[in-house]
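For reference, the structure discussed in these notes is given below.
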Amino acid sequence: MTRKLFGTDGVRGVAGELLTAELALALGRAASANTGAERPQVLIVRDTRESGEMLQAALAAGVSAAGGDALLGGVMPTPAAPLLIARYGFDLAAVISASHNPYRDNGIKFFAGDGYKLSDEAELAIERELETAPGAASDAASASAPSPAPPAIGRIRELRGAPEDYLRELHVRFRDLDLDGLDVLLDCANGATYQVAPEIFRRLGATVSVIADAPDGRNINAGCGSTHIHALAERMRAGAHAVGFAFDGDGDRMLAIDRHGEVVDGDELMALAVLHLRERGRLSGNGVAVTVMTNYGFHSAMQRAGVEVGITAVGDRYVLEELRARSWTLGGEQSGHIIDMGFNSTGDGIASALLTLEALGGRDLSERDAMSKLPQRLVNVPVRDRGALERAKELDVAVGAAERELVGRGRVLVRSSGTEPLVRVMVEAPTDEEAEEVCRRLAAVVERELG
């Protein structure tokens, strides 16, 4: 049996269509039953989407129907979930969020009692239960069928002080970081960080200004946040702030802006963090895990520094798998999803911003020198069948020729999209002009052979 509901990051879809209250209830019941606990204690947190309250109520009802207790943490960033699992010993945590997607979408992802997202096997077991258990099927029509009664009905109650618990974990980790007088601008994407992010920066002494911190249920990620970084960049260029940070809707990723309005992506942020953590003796295994999209300049910098680099497929779950397999500390993606296993078992945008400032040690972000980025060009080419890429002989020859051109100076990456009929062509080269020319040439071959 293959998974039908769970994708790479939980169950996600348009709220009220794919992701209904009936499905949320069934997921809550099945996930709770699969913890193996006699009376599972289940944390539920959400972002600011208007559908979040509906799904929270349904999910909590499912937990209770399975004989578990649902603890409602309210609006909290995704990375708060594993930290609160560790603090309270919860058996399961559910996060209601669709991350950087528009407000109409929502999602449910689960963290197990060990603080890690559910394994493929656990998600498959939940789907199997949805298909076979009475009243727990994935479609609304069968969700009203009779279900066997649990030994006891669980309770639903608010977990008071949950945001403060998360802030305390951040404060303990960064207690030696003195931000006194630092002028910081935050873009909270009208999402889950809108209260806790400004608060922790203020507690550490920073002077804080905030944009996109007035969620109305529909404005999450709307022209703001890390996926619409231009809003923060414009404010940075117009103002006198020292540094800016933009989070996404659920707070698990972050991009930075220096005082001149230049975007600092996850590659540069990881390079800063790697060198800092190694100097502090906190880079276990002297290695870092990144995806195939990571800039060639990062690899060159790590080679000079003598740091091993593990390369994974695109997606934070693959980065995490690499970190756990190698017992390494740090990994992440160009998008700003950075995992510091010394603090949390998932990406944490607020912690990543504070780690960046810790790594700078009082220097200005515009003076960063951990790596030099190579110019990068990325083109998405529509194709008839993305699976045909493996059989594209003309393209294989063209890619080989381009790789020989750029050996030791840049790189070429041609891959199929995981979700759309597209082939992505990425080229990095010493100059903008060369990157543009090689990318254009390869994209033309893809279009001719596969378009």
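Would you check if there is a residue in segment 125-136 being open to solvent by 50 Å² or more (accessible area, probe 1.4 Å), at pLDDT below 90 and hydroxyl-bearing (Ser, Thr, Tyr)? Yes. Among residues belonging to segment 180-195 that are open to solvent by 10 Å² or more (accessible area, probe 1.4 Å) and in contact with a helix residue (DSSP H, G or I) (Cβ under 9 Å, 6 or more places away or on another chain), point out the one that is farthest from His260 (Cα to Cα). Out of the qualifying residues, it is Gln195. Check whether at least one residue in segment 267-274 is of a type in the set (Asp, Glu), in contact (Cβ under 8 Å) with a residue 12 or more places away in the chain and out of contact with any Phe, Trp or Tyr (no Cβ under 9 Å at 6 or more places or on another chain), and report yes or no. Scanning segment 267-274, I find no residue that is of a type in the set (Asp, Glu), in contact (Cβ under 8 Å) with a residue 12 or more places away in the chain and out of contact with any Phe, Trp or Tyr (no Cβ under 9 Å at 6 or more places or on another chain), so the answer is no. Summed over segment 314-350, the residues that are in contact (Cβ under 8 Å) with a residue 24 or more places away in the chain, over 17 Å from Gly225 (Cβ atoms) and of a type in the set (Gly, Ala, Ser) give a count of 6. Summed over segment 418-451, the residues that are farther than 20 Å from Asn295 by Cβ and either modelled with pLDDT of 90 or more or not charged (D, E, K, R) (or both) give a count of 14.
Among the criteria (1) in contact with a helix residue (DSSP H, G or I) (Cβ under 6 Å, 6 or more places away or on another chain); (2) small (Gly, Ala, Ser); (3) surrounded by fewer than 22 Cβ atoms within 10 Å (Cβ to Cβ); (4) at pLDDT 95 or above, the one Gly361 does not fulfil is (1). Just one residue in the set Gly67, Gly62 is surrounded by fewer than 21 Cβ atoms within 10 Å (Cβ to Cβ) and farther than 24 Å from Glu169 by Cβ; that residue is Gly67. Residues in segment 371-415 that are β-branched (Val, Ile, Thr) and open to solvent by 30 Å² or more (accessible area, probe 1.4 Å) were compared, and the one that is nearest to His276 (Cα to Cα) is Val407.
The residues of segment 270-311 that are touching a Leu at 6+ places or on another chain (Cβ under 8 Å) and in a loop (DSSP other than H, G, I, E, B), listed by number, are Leu283, Val292, Met293, Asn295, Val307. For the residues Pro163, Pro82, the requirement of being at pLDDT 95 or above, part of a helix (DSSP H, G or I) and open to solvent by less than 40 Å² (accessible area, probe 1.4 Å) singles out Pro82. Note on segment 237-269: residues that are crowded, with 24+ Cβ neighbours inside 10 Å and assigned to a helix (DSSP H, G or I) total 4. Checked against (1) closer than 28 Å to His228 by Cα; (2) more than 14 Å from the chain's Cα centre (by Cα); (3) open to solvent by less than 10 Å² (accessible area, probe 1.4 Å), Ile96 passes all but a single condition, namely (2).
Whether a residue is out of contact with any Lys or Arg (no Cβ under 8 Å at 6 or more places or on another chain), among the hydrophobic types (A, V, I, L, M, F, W, C) and surrounded by fewer than 24 Cβ atoms within 10 Å (Cβ to Cβ) was assessed, and Ala57 passes this test.
The set of residues in segment 38-52 that are within 22 Å of the chain's Cα centre (by Cα) and open to solvent by 10 Å² or more (accessible area, probe 1.4 Å) comprises Arg46, Thr48, Glu50, Ser51. As a summary of the residue check, Thr227 satisfies the conditions (1) in a loop (DSSP other than H, G, I, E, B); (2) modelled with pLDDT under 95 except for the one numbered (1). Could you run through segment 310-336 and say how many residues are open to solvent by less than 40 Å² (accessible area, probe 1.4 Å) and closer than 12 Å to Ala289 by Cβ? Residues that pass the stated criteria total 13.
Restricting attention to segment 179-205, the residues that are more than 20 Å from Asp340 (Cβ to Cβ) and part of a loop (DSSP other than H, G, I, E, B) add up to 10.
The values are calculated or read from the model by the stated rules, or taken from the named source; none is laboratory data. Only a predicted model underlies this, so the values are computations on that prediction, with no experimental measurement involved. As a convention, Cβ positions derive from the backbone with ideal geometry for all residues, glycine included, and neighbour counts pool all protein chains shown. Surface accessibility is based on the protein's heavy atoms, side chains included, excluding ligands, DNA and RNA. Shrake-Rupley method; radii C 1.70, N 1.55, O 1.52, S 1.80 Å.
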